[in-house]
Amino acid sequence: MKYPLIIILFLSILLMNCFSTKEKIVYEYNGIVITRIYKNAESYFYYGKHEINDLPNSYIKAEYAGFDGLMGALLLFEKNGNVKFIGCYGLFTTTGINSNSKLQLIEDHNVMQPLFDFEKLVKNKNVIYLSDVIQYEKKENVKNHSNVNATYE
């Protein structure tokens, strides 16, 4: 009797994952835009405003599956149009990003020393906190008075 229940539970989880849709968030500061596409335990970050069905080949990927299943990062919008993606926790990789790209991944926090003081950095108006838990992300950015506009679609 226990096995049919386990099978039904497993199939339900599998079907929910298969039919979950991709969602989009657009982050904008002073005309600079980052598009985030996320589904399940992955998020993709693209420089510029893009539609889900028309995405460029250069992006930062955040994965947050597994035991801890967490993702936290910051987007730091610079006056010159560049955006630093500061990975705090999660697994981050790049595709098609090079040293001339407007979107850069910063994972080694020592590179940012003494700039990388999370508590101070997150309170800058040109910074927005990113999380795998969207409600928490929204709450933190209201608390930190971020001037980065986030549109949750």
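Taking the DSSP bridge list for segment 21-152 and keeping only pairs wholly inside it, about 90 percent are antiparallel.
Residue separation of residue 93 and residue 143 scaled by 0.36 nm, minus their Cα-Cα distance, works out to 15.1 nm of gained length. Phi angles across segment 46-60 convert, under the Karplus curve 6.51 cos²θ - 1.76 cosθ + 1.60 with θ = phi - 60°, into 3J(HN,Hα) values of 10, 6, x, 9, 9, 8, 4, 8, 9, 10, x, 8, 10, 6, 10 Hz, Gly and Pro given as x. Anisotropy class assigned to segment 47-100 is oblate, per the alpha carbon gyration tensor with a/c at or over the 1.5 cut-off and a/b no larger than b/c.
How many percent of Cα pairs in segment 21-152 exceed 27 Å?
Working: 871 of 8646 pairs.
Roughly 10 percent, rounded to a whole number.
Read the figures in this text as sums done on the coordinates, not as results from a lab. The model shown is predicted, which means the values in this text are computed figures rather than measured ones.
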